[in-house]
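The values are calculated or read from the model by the stated rules, or taken from the named source; none is laboratory data. Quick caveat: nothing in here was measured; it's all calculated off a predicted structure. Because the Cβ atoms are built from the backbone with ideal geometry, glycine has one as well, and the counts that use them run over all protein chains shown.
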């Protein structure tokens, strides 16, 4: 497969899949090409695979890079989300391996979280760190429209799915201590992972619909009768989960073709606090993909 470098604002994809642990490629795509996208925030985790699925333009990105080369704290989340935005993506399905914090959510089940708790400490979780201040609403971090698509798609596959749920995002790459795990249980969280909240924050700033398909691989280390979480045990369940997740995604992509506009896609409408007339040319260039609509309106206003 040929790889080429691009930096383009013309639409190349409508919907994206970010694959987590074990999901490094997506079968069923046609007209496939592989592209490298440059961003003002550095390099994405890997080249992006572009293809078509039943007429829908799809982008696929391996969150950790193919071969799982990048740990959760070192992922360039900003470059990943910006790259997808620059390709014309408006909706993102995120697939992620997680640990269960509840007995009724055993390994092998799927969860569709609707809320997050942030326990990370080392992440760059906003695009707006230079010359522009923006405060997006984030009370409901998951796109309900896109999550509903995943819910309906999951019902077509032989897997038990839980919805709603709270995803606690920890820093990693180490797993929890037993004390931490027991504390999170008291908080009432459903699953624990290391990546999705950072993506969700940046997706909202980029005005992308975002929903998580969480694949349960273990009971973390709180469970009295289960062994402490180990990579070996996780990998066994993860491989089975990934194959089922691909089936869910195929159904979800088919359903996503008919989705209409969503409020996620105008999240920056009243969120940018800095007057655009006071933003330097250099910063306008840095943020042109994210603020294309606002900057275009400002140019038209000046012409009048």
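Taking the stated definitions as given, is residue 116 within 15 Å of the chain's Cα centre (by Cα), closer than 24 Å to residue 264 by Cβ, free of Cβ contacts under 8 Å to residues at least 60 places away in the same chain and not in a loop (DSSP other than H, G, I, E, B)? Considered against the rule, which asks whether it is within 15 Å of the chain's Cα centre (by Cα), closer than 24 Å to residue 264 by Cβ, free of Cβ contacts under 8 Å to residues at least 60 places away in the same chain and not in a loop (DSSP other than H, G, I, E, B), residue 116 comes out as no. When residue 139 is tested against (1) touching a residue at least 24 places away in the same chain (Cβ under 8 Å); (2) closer than 30 Å to residue 294 by Cβ, only condition (1) is not met. One residue alone among 22, 28 is surrounded by fewer than 21 Cβ atoms within 10 Å (Cβ to Cβ), on the phi > 0 side of the Ramachandran plot and either assigned to a loop (DSSP other than H, G, I, E, B) or touching a residue at least 40 places away in the same chain (Cβ under 8 Å) (or both), and that residue is 28.
The one condition from (1) modelled with pLDDT of 95 or more; (2) closer than 27 Å to residue 235 by Cβ; (3) crowded, with 20+ Cβ neighbours inside 10 Å; (4) in contact with a strand residue (DSSP E or B) (Cβ under 9 Å, 6 or more places away or on another chain) that residue 87 does not meet is (2).
The set of residues in the range 15-61 that are touching a strand residue (DSSP E or B) at 6+ places or on another chain (Cβ under 6 Å), under 17 Å from residue 94 (Cβ atoms) and modelled with pLDDT under 95 comprises 19, 20, 21, 23, 24, 26. Taking (1) closer than 25 Å to residue 24 by Cβ; (2) surrounded by 23 or more Cβ atoms within 10 Å (Cβ to Cβ); (3) touching a helix residue (DSSP H, G or I) at 6+ places or on another chain (Cβ under 8 Å) in turn, residue 173 satisfies each apart from (2).
For the range 157-194, filtering for residues that are assigned to a loop (DSSP other than H, G, I, E, B), closer than 17 Å to residue 114 by Cβ and within 22 Å of the chain's Cα centre (by Cα) leaves 5.
Taking residue 102 as the residue in question, decide whether it is within 25 Å of residue 252 (Cβ to Cβ), touching a helix residue (DSSP H, G or I) at 6+ places or on another chain (Cβ under 6 Å), part of a loop (DSSP other than H, G, I, E, B) and touching a residue at least 60 places away in the same chain (Cβ under 8 Å). Answer is no for this residue.
Filtered by the rule that a residue be surrounded by 11 or more Cβ atoms within 10 Å (Cβ to Cβ), out of contact with any strand residue (DSSP E or B) (no Cβ under 6 Å at 6 or more places or on another chain) and part of a loop (DSSP other than H, G, I, E, B), the range 271-301 gives 274, 279, 280, 287, 288, 289, 290, 291.
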